[in-house]
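Data first, discussion second: the structure below is written as structure tokens.
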Amino acid sequence: KQWYQRRVRGKKDKDLTPDRTIESLYEELVKEGILVQYPKVKISDYMGEYSYLGTTLRQANIEPMPSLSDVRRVITEYGILPMGSQTVHETAPHVKSIMIAGPHGTGKRMLVNAICSELGANLIDLTAENICGRYPGKAGLTMLLHLVMKVGKLLQPTVIYIGNAEKTFIKKVPKNDMSDPKRLKKELPKIIKKMAPEDRILFVGTSLTPWDADVKGLCQCYQKIVLIPRPDYASRYLLFKELILRNGGRLAPTLDLSSLAKISDGYTPGHIITAVKHVLTERRVQQLHRKPLTALEFVTPLARIDPIYKEEEEQFKAFYDKTTMGKKRQMLLKGDEE
């Protein structure tokens, strides 16, 4: 308690709840659905292979998309390792916020859950839909953010999640959107800027359509922007292999995984999980000993799903090129060419 009082005195922000215990504040956030539970997921469960073609493509002046293995590594380096140790967090470069962008089914929320699971962190959900109708008005928003930051700092580590992060800085709010998506637009950058190295708090946003937002606002709020690509051949091969085994299947000579990985180009890990679960029902698993799996069985469920087309991936690349990190990367690449 004395340690907490010293910290509060050192802050300029006024304590709006000086007479309340941390337990009561925690309970209030849980009852309001702001502090939420999450499924336990290991970062190693985010499957993906290393891209061996990256160097070859760069030699041909083609900038490759990152592999799923690269995404897992970057999330570990920025989100998990510094937050896991107070000493490391205070001495390493201070990453306050990350935005994970990618098509539907690429595992953005899974990565958020993995960060929380690996750290044993509290998860606070400030998604626009989740806080809509809660703590109304300007005074209500001030109280909400006060509770979030006070609980977050006293019960570290804390991950603050913002789904559909682009909506906070969206250029034009759709008429049918009643969630007041721009509610945190002014306050969020201020809060993130005030965070000190001793605060083991990480803001993590996820986005399906980051190009809908004002890029300048997003870059002011999120220090690191991580793009998740469509899985390449090696990652699709690994996903099919591991998911079939995890769902009770067997790898028989009749199952041509290589062909399956080739024809599933454009499908995300989420799509592949759906297809595998559709095929490997309880009844089908019981029949495996007399009727081995074939690649053809997975074609029908995949055909019912729209893949991620190259044009959508190009949209993500074009968005990234407009960000601060993207511009720095382009300058570095031009320097290397010269």
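The values are calculated or read from the model by the stated rules, or taken from the named source; none is laboratory data. Because the structure is a prediction, the values reported are computed rather than measured. Virtual Cβ from ideal backbone geometry, glycine too; neighbours counted across all protein chains shown. To get the accessible areas, we keep the full protein, side chains included, count just its heavy atoms, and leave off ligands, DNA and RNA. Shrake-Rupley method; radii C 1.70, N 1.55, O 1.52, S 1.80 Å.
Specify which of the listed residues (Lys241, Lys153, Lys216) is surrounded by fewer than 22 Cβ atoms within 10 Å (Cβ to Cβ), at pLDDT below 90, assigned to a helix (DSSP H, G or I) and not polar (S, T, N, Q).
The match here is Lys216.
Considering only the stretch 266-320, state which residues are of a type in the set (Gly, Ala, Ser) and touching a Leu at 6+ places or on another chain (Cβ under 8 Å).
Ala275, Ala295
Which condition from (1) open to solvent by 50 Å² or more (accessible area, probe 1.4 Å); (2) within 14 Å of Ile225 (Cα to Cα); (3) among the charged types (D, E, K, R); (4) out of contact with any Gly (no Cβ under 9 Å at 6 or more places or on another chain) is the one that Arg72 breaks?
(4)
Return the residue satisfying two criteria in turn: it lies in the stretch 99-140 and is basic (Lys, Arg) and either surrounded by 21 or more Cβ atoms within 10 Å (Cβ to Cβ) or within 20 Å of Gly152 (Cβ to Cβ) (or both), and of such residues it is modelled with the lowest pLDDT.
Across the stretch 99-140, the extreme among qualifying residues is Arg134.
Does at least one position in the stretch 123-145 carry a residue that is assigned to a loop (DSSP other than H, G, I, E, B), in contact with a strand residue (DSSP E or B) (Cβ under 9 Å, 6 or more places away or on another chain) and touching a residue at least 24 places away in the same chain (Cβ under 8 Å)?
Yes, the stretch 123-145 has at least one match.
Does Gln315 count as in a helix (DSSP H, G or I), touching a Phe, Trp or Tyr at 6+ places or on another chain (Cβ under 8 Å), open to solvent by 50 Å² or more (accessible area, probe 1.4 Å) and polar (S, T, N, Q)?
Against the criterion (in a helix (DSSP H, G or I), touching a Phe, Trp or Tyr at 6+ places or on another chain (Cβ under 8 Å), open to solvent by 50 Å² or more (accessible area, probe 1.4 Å) and polar (S, T, N, Q)), Gln315 qualifies.
Could you list, in sequence order, all residues of the stretch 219-238 that are surrounded by fewer than 18 Cβ atoms within 10 Å (Cβ to Cβ) and more than 24 Å from Ile124 (Cβ to Cβ)?
Result: Tyr233, single match.
Restricting attention to the stretch 3-14, does a residue exist that is within 25 Å of Leu144 (Cβ to Cβ), modelled with pLDDT of 75 or more, over 15 Å from the mean Cα position of the chain (by Cα) and open to solvent by 40 Å² or more (accessible area, probe 1.4 Å)?
yes
Conditions tested, residue by residue: (1) among the aliphatic types (A, V, I, L, M); (2) more than 30 Å from Lys190 (Cβ to Cβ).
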residue	(1), (2)
Gln37	no, no
Lys40	no, yes
Met47	yes, yes
Thr106	no, yes
Leu111	yes, no
Ala114	yes, no
Asn122	no, no
Cys132	no, no
Lys138	no, no
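Which residues, taken from the stretch 195-213, are farther than 14 Å from Phe319 by Cβ, surrounded by fewer than 22 Cβ atoms within 10 Å (Cβ to Cβ) and touching a residue at least 12 places away in the same chain (Cβ under 8 Å)?
Hits for the stretch 195-213 are Met195, Pro197, Glu198, Asp199.
Just to be sure, is Lys322 touching a helix residue (DSSP H, G or I) at 6+ places or on another chain (Cβ under 6 Å) and basic (Lys, Arg)?
yes
How about the stretch 244-274: which of its residues are part of a helix (DSSP H, G or I), open to solvent by less than 20 Å² (accessible area, probe 1.4 Å) and free of Cβ contacts under 8 Å to residues at least 60 places away in the same chain?
Listed by number, the residues that qualify are Ile244, Leu257, Leu260, Ala261, Ile272.
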